[in-house]
Each structure stands twice: as structure tokens, then as C-alpha cells.
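Asks: Here you go, one structure.
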Amino acid sequence: MTSSDFDATVIGAGVIGLSIARELAQKGLSVLLIEKTDGIGRGISSRNSEVIHAGIYYERDSLKTRFCTRGRDLLYAYLKERGIPHKKCGKLIVAASESQLAGLKALRTAGIGNGVPGLEILSRDEVADLEPDLTCVAAMLSPETGIIDSHAYMLALQGDLENAGGVITFFTPFVSAHFKEGVFHIVTGEAELTEITSRWLINAGGLWASEIARAIENFSHTVPPLYYAKGSYFTYTGSTPFSRLIYPMPEPGGLGVHLTLDLQNRGRFGPDVQWIDAIDFTASADRRDAFVDAISTYWPEIRNRTLSVDFCGIRPKLSRKNEPTRDFLINGPEAHNGAHLIQLFGIESPGLTSSLAIAEYVSGLVTRD
């Protein structure tokens, strides 16, 4: 086998790429993490609700359930050990009408089956004792749900990577790669191109994962199409009366327009679901009225507040609008004729929560031969 510059090269310095690169470097591999922008987490990793999910919503035997529940426990332990700001504040999933009660109970049954502890259906009066301003007929309490300073978390991952000898380079877009004699020859750069060699190539490109995959010679047959679901976020005037996250019942493509809190107890709403054809992070106030209508089903007071557009994120999905949501897709060497190539597709929510578990899994696919 031809010698190489690195044992592993990871594409994309979002939370998934950082977690994988860190894990491999801590195993003693020489690791290069390449990122086309000027810093870590510039894509979807910094455009989300910053929620640590418990693992309620996903199919029982799915990768999303496996990685979310395992990742949740790993993440809480890591955040506590490193002193990274977070809070296990819990959340309430709200049945706004009697017609939603059966769905709420089914959600609890599914969550218990997924290994989520502490799920409890609360009556209207019990909810009022916890959150007096919340309007509902019942709600499910999820005490394992929390919030995180995602940027502080990613900075810690970057520090771990570099302390273990890993290298991260910014302004380094991936151009192409081909596999020859057991080694990937990887071309990066823009006006001035550079070639490096690596025994393993890991595509953690998020929204751009399929585009990256199509530029890897001889493996285009393994590339699934990605579809984009844009989600807007709004903030509101005044203080929040809630101490927990507030979620409606889930909707096709997302979890509904929910209230999340940051670590200073400031509230924001989102995301909604807007299917788009191209990546566009432009936030628009056009969704305001639809947000007010959705939020007022569980917090009528929102009609007396001023909603202001904040930012938007985009989910990389493997399913189209009106199709069932698909699981994470991680293609390893078996999907690539034995080549040392690992590609991750459709890593949307609960990707942040799952990040350490995904890194653990990918690391297990990487061999030293």
C-alpha cells in the first residue's frame, strides 16, 4: 500500500465532522479536518434550536434512536466534565385539543420503547402548576430534554482534536478525490489547488454531502439526492413566562413551531418547515403570521407580542415533501467496494445530540490496516 500524508481526512467542520475527527485523533490516528469556510460550525451546526433531544420521536430500531439516546448520555457527561454551558430544563409536548390526546399517548409509548426515561402525561391542571401561561388539554413531560451552548461545545471538540495532534484547515474547499492503491488522493483549494493523500476519507459535509460525494471518483452510484427543508426562527418582545421548552405535536418534516430557551432564559420560536430547491440562508419575515397562528394554539398571549425574524436553518433530508422521514444514512467501506470511504447523508435533527455517538460509530468502522 502506498504511504499517505494522513491516516484520515474528514470533510466538514460542523459538529459531526468535529466529533468524528476528534474521536479518530484520540485513537492515535493522524487526522486532517478540512473546512471550506473561515471557521467551525458555519453551516447547519450553528443554525438550529440548540436542543439536547431525549429520543422520543424516531423509529425504534433506527439509527436516529440509537444515536440520539446514546449520544444524549455521552453529551451530558461530556458537557458536565468539561464545564460547557448547558441545562437539563425538560420540555412539554402539548396536546392543544382533545383530538391530539391519542397521538400524545402514542408518542409516550414510542418514547418509552426507545429507552427515554421519565416520560409522563400531565393533565391540564398539572401542566398549569408547572407552566401557568400554557394553554392545553394535556401535555407530556420529557425531563431528559435540555439546551446547550453549541458553539462552546464545538470549540471544546476543536480543542480536543488539536490537543490530540489533529490538524484543521479553514478556507480549504474539497474539490475532488480518487482512490488508488489503498490511498485517497484528495484535491483541495480554489485558485491554487493542493493534493494530499489519506488512507481514509470521511464525508461529513452536511448540506453539501451529496455534492461532495459526486466529486469522489468511481463512487457516484452510492450518492443519494438530498432535499432541503428550510426552517425560520422568530424572537419576541418581553420576557418569557416559561421555564421549560414547549413543543406542539410533531408535523410532517419537523417537530412543529416550538418555543426554545437559551441559557439566559430568552425565548425564540421555530423552526417551521418550508421546502426549497436550493440552499438559501436568507431569513424572511413573511412567515410571521403563520407563526403567530401556530404559537397561539398553546400560548394565546403571543398575539399581544411583537415577533421579529431572527435566522433560519436548513435540514438536509433524504425524503421529499409528503414522504415519510428517512433515517440517517452512513455508508462505510461495504457500500464502497471495500474502499476506505465513509459518507454521512441526511444528518439532520437529532444530529447535534447524536454527534458523539455518531463519532463513536464511525470510529468503529475505521481500521488501521
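Asks: Just from its helices, what would the mean residue ellipticity at 222 nm be for the chain, if runs of 4 or more DSSP H residues each count -39500 (n - 2.57) and the sum is divided by every residue, rounded to the nearest 500 deg cm²/dmol?
Replies: Here the helix-only value at 222 nm equals -8000 deg cm²/dmol.
Asks: Quick check on packing: order 125-136, 49-60, 208-219 by the mean number of other C-beta atoms within 10 Å, highest mean leading.
Replies: Packing order, densest peptide first, comes out as 49-60, 208-219, 125-136.
Asks: Considering only DSSP beta bridges where both residues belong to the stretch 126-255, give the percentage that are antiparallel (nearest 5).
Replies: Of the beta bridges lying entirely in the stretch 126-255, close to 95 percent run antiparallel.
Asks: Sequence gap at least 6, Cα distance under 8 Å: using those rules, report the relative contact order of the stretch 37-147 to the nearest whole percent.
Replies: This gives 36 percent for the stretch 37-147.
Asks: Treating only the Cβ atoms of Lys and Arg (+1) and Asp and Glu (-1) as charged, compute the dipole magnitude of the chain about its Cα centre; round to the nearest 20 debye.
Replies: For the chain, the charge dipole is close to 460 debye.
Asks: Right, something else. May I ask you to give the average projected area over all directions of the convex hull of the Cα atoms of the chain, in nm² rounded to one decimal?
Replies: 18.2 nm²
Asks: Roughly how many nanometres apart are two label points built 7 Å out from the Cα toward the Cβ at Val167 and Thr109?
Replies: Placing both labels 7 Å along Cα→Cβ, they lie 5.6 nm apart.
Asks: What ranking do 338-347, 9-18 get when scored by the average of other Cβ atoms within 10 Å per residue, highest first?
Replies: 9-18, 338-347
Asks: If you don't mind, another one. With an 8 Å cut-off on Cα pairs and a minimum separation of 6 or more residues, tell me the relative contact order of the chain in percent.
Replies: Relative CO of the chain lands at 24 percent.
Asks: Roughly how many Å is it from the Cα centre of the stretch 185-251 to that of the stretch 41-74, as a whole number?
Replies: 15 Å
Asks: Quick one: go through the stretch 269-304 and flag any residue whose amide nitrogen is under 14 Å from the point 7 Å out along the Cα-to-Cβ line of Thr37.
Replies: Within reach of a label on Thr37, which here means backbone N under 14 Å from a point 7 Å along Cα→Cβ, the stretch 269-304 contributes 279-283.
Asks: Relative contact order for the stretch 105-176: what percent, with Cα pairs under 8 Å and sequence separation of 6 or more?
Replies: Relative CO of the stretch 105-176 lands at 24 percent.
Asks: Given points 7 Å out from each Cα along the Cα-Cβ axis, report the Glu120 to Ser296 separation in nanometres with one decimal.
Replies: Reported label-point gap for Glu120 and Ser296 is 3.3 nm.
Asks: Can you tell me how much longer the chain between Leu155 and Glu190 gets when fully stretched, taken as 0.36 nm per residue apart minus their C-alpha distance, in nm with one decimal?
Replies: Stretched out fully, the Leu155 to Glu190 stretch lengthens by 10.0 nm.
Asks: If you don't mind, another one. Going by average Cβ neighbours within 10 Å, how do the peptides 321-334, 278-291, 159-172 rank, with the highest at the top?
Replies: 159-172, 321-334, 278-291
Asks: Kindly put Ser123, Ser198 in sequence by how many other C-beta atoms sit within 10 Å of each C-beta, fewest to most.
Replies: Ser123, Ser198
Asks: Quick one: length gained pulling Arg368 to Leu329 fully straight, 0.36 nm per residue minus the C-alpha distance?
Replies: 11.7 nm
Asks: Let me ask something else. At 0.36 nm per residue, minus the direct Cα-Cα distance, what do Ala285 and Ser176 gain on full extension? Give it in nm, one decimal, please.
Replies: Gain in length upon complete extension: 35.4 nm.
Asks: I'd like the antiparallel share, as a percent to the nearest 5, of DSSP beta bridges with both residues in the chain.
Replies: Among the beta bridges of the chain, antiparallel pairing accounts for roughly 70 percent.
Just so you know, all these numbers are worked out from the coordinates, no wet-lab data involved. Note that the coordinates shown come from a computational prediction; the quantities given were computed from them, not determined experimentally. Cβ atoms come from the backbone with ideal geometry, glycine included; neighbour counts cover every protein chain shown.
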